[in-house]
Amino acid sequence: MKISFDYDGVLSTQRGKMLAESKKETLYIISARSDKKGMLSTAKMLNIPESRVYATGSNKAKIEKIKELGIDKHYDNNPDVISELRNGILFK
């Protein structure tokens, strides 16, 4: 199973990091940020290889990447993103 997390407001929080640490599945970070550099230290801490960290540049591109990668479950704090995904979970 592939699980992805948005970064800002999700993996940037302690609760988000703890949720990711509890998962045994293949993890991805997929963000609307335009640069992934700021996410790499968290990825390293969570043992997510850089090749599974994506900075897509927009929410539209983020949604497309999630679908393209065949992500089974995506955690995001943006209800607009969640509403576009059949497998999205709103992170509050």
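Points worth noting:
- Every pair of residues 6+ apart whose Cβ atoms lie under 8 Å, when the first sits in segment 76-92 and is acidic (Asp, Glu) while the second is open to solvent by 40 Å² or more (accessible area, probe 1.4 Å): 76/89; 76/90; 80/59
- Residue within segment 54-76 that is surrounded by fewer than 16 Cβ atoms within 10 Å (Cβ to Cβ), polar (S, T, N, Q) and in a helix (DSSP H, G or I) present: no
- Looking across segment 1-41, the residues that are without any contact (Cβ under 8 Å) to a residue 60 or more places away in the chain and in a loop (DSSP other than H, G, I, E, B) come down to 12, 13, 23, 24, 25, 32, 33, 34, 35, 36.
- As a summary of the residue check, residue 44 satisfies the conditions (1) open to solvent by 70 Å² or more (accessible area, probe 1.4 Å); (2) part of a loop (DSSP other than H, G, I, E, B) except for the one numbered (2).
- Applying the condition of being among the hydrophobic types (A, V, I, L, M, F, W, C) and touching a Lys or Arg at 6+ places or on another chain (Cβ under 9 Å) to segment 11-41 and asking which residue is most open to solvent (accessible area, probe 1.4 Å) yields 32.
The values are calculated or read from the model by the stated rules, or taken from the named source; none is laboratory data. Bear in mind the structure is a predicted one, so any value in this text is a computation, not a measurement. We place every Cβ from the backbone using ideal geometry, glycine too, and count neighbours over all the protein chains shown. We work out accessible area using only protein heavy atoms, side chains counted, and drop any ligands, DNA or RNA first. Shrake-Rupley method; radii C 1.70, N 1.55, O 1.52, S 1.80 Å.
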